[in-house]
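A short write-up of the structure that comes next.
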Amino acid sequence: MSGPVDALLIVLVAVVVIARQFHARRIDGERRWWLLPVLLVVLALREPGLLDVHHHTASALVLGAELLIGLATGAGWAWTTRIWAEPDGTVWSRSSTASIAVWAVGIGLRAGLFALGAAAGVHQDSSALLLGLAGTLLVRAAILAWRGQSLRPAVTSSGAYGDGTAWSVGRERV
């Protein structure tokens, strides 16, 4: 794919993912939460040009910074997301207004990083953005799955009513 198509793909995925997070969504432990990030990584690594051949070190530094920003954005987004369990044991999540601030800071840092790389003469491919977005989504989903585990029903040898289920239900404060 060409650069403009990759850029359109990145914007489309980001808009869909961000917009969907402001509606309550069920956290399903069996769901393949890692599938979209893995697909984005495959798309990013399938073409050459991830590193600028003329500025190897600077390009690697920019890519590393992009990945760190992506991971930090994903972690911040996950920790600013509200999660709760319903009485039936289903766990739900919904991004908060603080999540908007996390995304704004992440986008601002990425734009600044792109400008810094361009000023240094580093050719930057959209593959770095795809990897950063994959990192963001992977870290967020992993942290939400982990946080959701504390709200899921825990099976014990004998529950309060002899059914083998002990419930941990409530809202987690953010």
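The values are calculated or read from the model by the stated rules, or taken from the named source; none is laboratory data. The structure displayed is predicted, hence computed values, not measured ones. Counting neighbours? That spans all protein chains shown, and the Cβs are built from the backbone with ideal geometry, glycine included. The area values use the complete protein model at the heavy-atom level, side chains included, leaving out ligands, DNA and RNA. Shrake-Rupley method; radii C 1.70, N 1.55, O 1.52, S 1.80 Å.
Pairing each residue of region 98-115 that is open to solvent by less than 40 Å² (accessible area, probe 1.4 Å) with any residue that is charged (D, E, K, R), provided the two are 6+ apart or on different chains, yields C-beta distances under 9 Å for ARG110/GLU66; LEU113/GLU66. In this structure, GLY121 does satisfy being surrounded by fewer than 16 Cβ atoms within 10 Å (Cβ to Cβ) and at positive phi. The residue list LEU130, LEU113 contains one member that is modelled with pLDDT under 90, closer than 23 Å to VAL5 by Cα and not in a strand (DSSP E or B), which is LEU130.
If you go through region 35-73 and pick out every residue that is touching a residue at least 40 places away in the same chain (Cβ under 8 Å), assigned to a loop (DSSP other than H, G, I, E, B) and surrounded by fewer than 16 Cβ atoms within 10 Å (Cβ to Cβ), you end up with 3. All conditions in (1) closer than 22 Å to ARG110 by Cα; (2) acidic (Asp, Glu); (3) open to solvent by 90 Å² or more (accessible area, probe 1.4 Å) hold for ASP88, with the sole exception of (1). Among residues that are part of a loop (DSSP other than H, G, I, E, B) and at pLDDT 85 or above, ASP88 is included.
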